[in-house]
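The values are calculated or read from the model by the stated rules, or taken from the named source; none is laboratory data. Just so it is clear, the structure is predicted and the values come from calculations on it, not from any experiment. Here the Cβ positions follow ideal geometry from the backbone for every residue, glycine too, while neighbour counts run over all protein chains shown. Ligands, DNA and RNA are stripped out before the accessible areas are found, and what is left, the full protein with its side chains, is counted by its heavy atoms. Shrake-Rupley method; radii C 1.70, N 1.55, O 1.52, S 1.80 Å.
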Amino acid sequence: MAKRRLRTGPTAAVPAKPAQAELLRLVQLADPGARLDGDDVVAADVRVFAPVEAEPELTGGVLEKAWAVRVAAEGPLPLDFFDRFLAEGLAFRLGGLAVCRGVVSDPADDDEGGPAVILPVRPSPEELAPLLAPEEEGPAFTAGDIRAVLVPQAGQPPAVQELLPFATELTAIELRGAEPVKLGALALELSEALNGIAVDRWRFRIDAAEDLVAPERPAAE
């Protein structure tokens with residue numbers, strides 16, 4: 001197969017070609033309404049192009065072999081950077097790297113973000129009390145070594161469409177400070193207790209705490 005350079009759009013560079021069914025399944029974690037369109041997957045005003053074999057230069061040689069999954073916006077995005085989040089989330093779950101505007105990043109190394117629980121209504125302190133304790137100062141909460149902050153959810157992630165249209169303003173409980181499995185376990189516990197939806201930092205729905213653990217990646221020879 002001829003290799004092709006990718007010129008535009010956030011891209012997930014992954015070490016093995018994902019099957020079409022698997023790619024659709026992953027995109028549906030970010031948008032349950034995603035569907036196949038020929039060889040591609042279309043989601044909320046975004047097209048995820050079928051994987052193509054890429055030049056090693058795409059990842060600066062980090063991956064000896066790479067398949068490129070390009071994401072392109074085709075209309076107004078449901079939240080800012082949804083196309084980039086989609087590429088990064090796919091790269092994370094497929095053990096790859098993200099490429100955006102020529103910059104290669106490893107989603108597995110990014111400790112700036114964490115999972116969140118999206119809620120249709122901002123919970124009261126009393127509702128949070130069984131699982132989170134308020135800090136002595138500031139509007140944050142804790143659970144052991146995990147810190148939780150309640151913030152308005154900017155935009156409407158497609159993964160949480162079932163919370164709409166009845167909720168006019170979504171609230172996110174952002175979780176930080178512990179290893180991924182502990183964060184995932186608390187996110188799922190909170191989502192169950194508060195009738196919310198647990199998502200990762202790219203707003204992909206998570207169904208198990210282990211979804212926050214990056215798969216192993218083959219090392220370049």
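Here is a list of conditions, (1) outside any loop (DSSP other than H, G, I, E, B); (2) in contact (Cβ under 8 Å) with a residue 24 or more places away in the chain, and Glu192 meets all of them except one; can you say which number that is?
Among (1) outside any loop (DSSP other than H, G, I, E, B); (2) in contact (Cβ under 8 Å) with a residue 24 or more places away in the chain, the lone unmet condition for Glu192 is (2).
Within the range 141-169, count every residue that is touching a residue at least 40 places away in the same chain (Cβ under 8 Å), in a strand (DSSP E or B) and open to solvent by 50 Å² or more (accessible area, probe 1.4 Å).
0
Quick one: Pro56 ticks every box in (1) of a type outside the set (A, V, I, L, M); (2) surrounded by 21 or more Cβ atoms within 10 Å (Cβ to Cβ); (3) modelled with pLDDT under 90 bar one, so which box is it?
Among (1) of a type outside the set (A, V, I, L, M); (2) surrounded by 21 or more Cβ atoms within 10 Å (Cβ to Cβ); (3) modelled with pLDDT under 90, Pro56 violates only (2).
Hey, could you check the range 19-32 for residues that are of a type in the set (Gly, Ala, Ser) and out of contact with any Pro (no Cβ under 7 Å at 6 or more places or on another chain) and say which is least open to solvent (accessible area, probe 1.4 Å)?
Residues of the range 19-32 that are of a type in the set (Gly, Ala, Ser), as a first pass: 19, 21, 30.
Narrowing further to those that are out of contact with any Pro (no Cβ under 7 Å at 6 or more places or on another chain): 19, 21.
Working: Ala19: 61, Ala21: 76 Å².
Going through the qualifying residues, I end up with Ala19.
So Leu63 ticks every box in (1) modelled with pLDDT under 95; (2) open to solvent by 30 Å² or more (accessible area, probe 1.4 Å); (3) over 19 Å from the mean Cα position of the chain (by Cα) but one. Which box is left unticked?
(2)
How do the pairs read when you match residues in the range 66-87 that are basic (Lys, Arg) with residues anywhere that are surrounded by 16 or more Cβ atoms within 10 Å (Cβ to Cβ), using Cβ under 6 Å and keeping only pairs 6 or more apart or on different chains?
Arg70/Leu6; Arg70/Gly9; Arg70/Thr11; Arg70/Phe49; Arg84/Pro10; Arg84/Cys100
Among Val27, Val117, Val121, which is the only one that is under 19 Å from the mean Cα position of the chain (by Cα) and not in a helix (DSSP H, G or I)? Talk me through it step by step, then tell me what you get.
Working: Val27 fails: not in a helix (DSSP H, G or I); Val121 fails: under 19 Å from the mean Cα position of the chain (by Cα).
Exactly one residue qualifies, and that residue is Val117.
Looking only at the range 75-106, count every residue that is under 24 Å from Val160 (Cβ atoms), open to solvent by less than 10 Å² (accessible area, probe 1.4 Å) and touching an Asp or Glu at 6+ places or on another chain (Cβ under 9 Å) and tell me the total.
5
Which ranges mark the strands (runs of 3 or more DSSP E) fully within the range 37-113 that have 2 or more residues being among the β-branched types (Val, Ile, Thr)? Give the derivation first.
Working: elements: 40-43, 46-48, 52-54, 66-73, 97-100, 103-105.
Per the criteria, 40-43, 46-48, 66-73, 103-105.
Could you tell me which numbered condition Trp202 fails, if it satisfies all but one of (1) part of a helix (DSSP H, G or I); (2) surrounded by 12 or more Cβ atoms within 10 Å (Cβ to Cβ)?
It fails just one condition, (1).
Quickly run through the range 172-199 and pick out the residues that are of a type in the set (Asp, Glu) and open to solvent by less than 80 Å² (accessible area, probe 1.4 Å). Spell out how you get there, then give the answer.
Residues of the range 172-199 of a type in the set (Asp, Glu): 174, 179, 189, 192.
Residue satisfying the conditions is Glu174 alone.
Among the residues of the range 37-50, write down those that are more than 18 Å from Phe204 (Cβ to Cβ), touching a helix residue (DSSP H, G or I) at 6+ places or on another chain (Cβ under 8 Å) and surrounded by 15 or more Cβ atoms within 10 Å (Cβ to Cβ).
Scanning the range 37-50 gives a single hit, Ala50.
Determine if the range 107-120 includes at least one residue that is open to solvent by less than 50 Å² (accessible area, probe 1.4 Å), under 19 Å from Ala19 (Cα atoms), at pLDDT 95 or above and of a type outside the set (Val, Ile, Thr).
Within the range 107-120, none of the residues are open to solvent by less than 50 Å² (accessible area, probe 1.4 Å), under 19 Å from Ala19 (Cα atoms), at pLDDT 95 or above and of a type outside the set (Val, Ile, Thr).
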